[in-house]
Amino acid sequence: MAKKKKLIVIPLAGLGNRMRTLASSVQIAKRDNRELCVVWPVNADLGCDITDIFESIGMPYTRPSRFVNFLLSNLYRLTLISKFFGLYKLFSKLFADYSVFDDDIYGAKNKLEISNEYDTILVASCLSFSTQDYSLFRFNVNLRNEVARETAKIGQEYIGIHIRRTDHKDTIQHSPDENYLKHIDHCILANPQQKFFLATDDLPTKAFFTSHYEGRIFTLDSKMGRGNLEGINAAIVEMLMLSQSTKLLCSAISSFSTAAILLGNIRDVVFVDTFVEKDYVLADGEFPSEFQNL
């Protein structure tokens, strides 16, 4: 009996980035009938295990030993791979016939073709590299229950707002508060009873918007942070609540916003970035190709 082909994936960076790499890996593994092996870094970018988040990622997967997971998680880091790209390509041949890193995906202009001929493929990335189906992600029941409780507090359909601030210079530069204020005011003009849900990683930003639009903007009252499970769970609940929005105001640069859009098949999206010239009406499962992997 022939040995089953394998895809080893090391999803990197924060949750939004990891989800797009996972979703792409699942599609390739299913296409080729491969065993999917997930190496999951627990670090400052995301300080919890995959099982703390997901009941399912869309297919069964295996895990390496704790030692191998620790070793590969610390070896395959975005900064190191980018700096020593050639060495990593060479080293990875020791246990994989083909490797995929961020530079490979960017070099292919987000149209990377992966042959099904390779026995073992290694992916260490924070980007998408194939088709994706976010409907396959099933979050843990405690997270889903928390979303139900929080949405019930709003009591009606709402527009989602995602404002990334503390650790992403590009979103701060291209999506200032003024851009959000303009679009929120436009929504209120269209519907004076409009309610909003705001997800942000910055307490002063949360305080400003909830004060400026008192009674209109709902937020999650919980701890922030990627390094502790409480903060991570809160961020996931925010992502899922954004995914249930009738419309989303966000930055095209944020993988967190991208995940919310794809999870909820949100069609009415306003990218508030200064370089975006129009609003978008999206089809199911679609994300504008010009903003892919920003």
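The values are calculated or read from the model by the stated rules, or taken from the named source; none is laboratory data. Given the structure is predicted, the values throughout are model-derived calculations rather than measurements. A quick note on method: Cβ atoms are made from the backbone with ideal geometry, for glycine too, and the neighbour counts reach across all protein chains shown.
Summary of values
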{"item": "Selected residue [surrounded by 15 or more Cβ atoms within 10 Å (Cβ to Cβ), at pLDDT below 95 and not assigned by TED's automatic domain parsing to the domain that holds residue 127] from 279, 273", "result": "273"}
{"item": "Helices (runs of 4 or more DSSP H) enclosed by the range 56-144 - at least 3 residues per element that are under 22 Å from residue 46 (Cα atoms)", "result": "66-75, 78-83"}
{"item": "Selected residue (criterion: surrounded by the most Cβ atoms within 10 Å (Cβ to Cβ)) from residues of the range 96-122 that are touching a residue at least 60 places away in the same chain (Cβ under 8 Å) and either over 14 Å from residue 28 (Cβ atoms) or in contact with a Pro (Cβ under 8 Å, 6 or more places away or on another chain) (or both)", "result": "110"}
{"item": "Members of the range 27-38 found to be in contact (Cβ under 8 Å) with a residue 40 or more places away in the chain and in contact with a strand residue (DSSP E or B) (Cβ under 7 Å, 6 or more places away or on another chain), listed by number", "result": "28, 34"}
{"item": "Qualifying residue in the range 178-194 (condition: under 30 Å from residue 85 (Cα atoms) and either without any contact (Cβ under 8 Å) to a residue 12 or more places away in the chain or not β-branched (Val, Ile, Thr) (or both))", "result": "no"}
{"item": "Number of the exception - residue 44 against (1) buried (at least 19 other Cβ atoms within 10 Å of the Cβ); (2) assigned to a loop (DSSP other than H, G, I, E, B); (3) touching a residue at least 60 places away in the same chain (Cβ under 8 Å)", "result": "(1)"}
{"item": "Out of 90, 78, sole residue that is more than 27 Å from residue 236 (Cα to Cα), of a type in the set (A, V, I, L, M, F, W, C) and either surrounded by 18 or more Cβ atoms within 10 Å (Cβ to Cβ) or out of contact with any Phe, Trp or Tyr (no Cβ under 7 Å at 6 or more places or on another chain) (or both)", "result": "90"}
